[in-house]
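Below is one structure, written out as structure tokens, with a few remarks after it.
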Amino acid sequence: GELYIIISKVNCMKKNQKLNTAKKAKNDEFYTRLVDIQKELDQYDFSELTVGCPADTAQSEFVNYFTNYNRAKKVIYWQDLLNEEMYSQVDVIITNPPFSLYTDYLPLLVKMNKPFYLVSPLIIHRRSFGLLPYVRSGSNTINHFSNTEKRVPCMWITNFPENRPVFIPEIEHTI
């Protein structure tokens, strides 16, 4: 059967108060740890794919994961997340975009029509489902990042096809 996860708006807002403050200050780049990337992505074979990391630099753990562990045929990384021309060079998109750019980034993902795997804060994750076709949660959550001591509750989101439960962000039941 399907897995239903209920997140109340109040609870989600309380948990993401620090994230919202960081977003307003444009201090919302949280660097994903290698251990979290491995835990989520080791289940896939990217060896024949060109992976795009559109919010990353050579020092990114995403780039490290795909290059130093020979996990992809080729890795292309760039920091201009909204540069549409770069997306034509890749087979799949895997990154942790700055959370302040998520609203602009999700429609671009739809337009690019590429498989993707992203880190998403829970508050934005709830909104993703209305904007992206066939989006589901990944296998793991992320709460800690390498560049901050703050706990920032996040999830992986993807449009990779899988036989996994679909995450439904909010369900109202009447009795």
Sorted by chain and number, the residues with a modelled amide H under 5 Å from that of Leu49, at a separation of 5 or more or across chains, are Lys73, Lys74
Inter-probe distance in nm under a simple model that places probes 7 Å from Cα toward Cβ, at His144 and Asp45 | 3.3
In whole Hz, what ³J(HN,Hα) sequence does segment 95-107 give by Karplus (6.51, -1.76, 1.60; θ = phi - 60°), x for Gly and Pro?
-> 6, 10, x, x, 5, 5, 9, 4, 4, 7, 7, 4, x
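Any read-out appearing in this document is the output of simple, stated calculations on the displayed coordinates, not a laboratory observation. The model shown is predicted, which means the values in this text are computed figures rather than measured ones. Methodologically, a virtual Cβ is constructed for each residue, glycine included, from the backbone with ideal geometry; neighbour enumeration extends over all protein chains shown.
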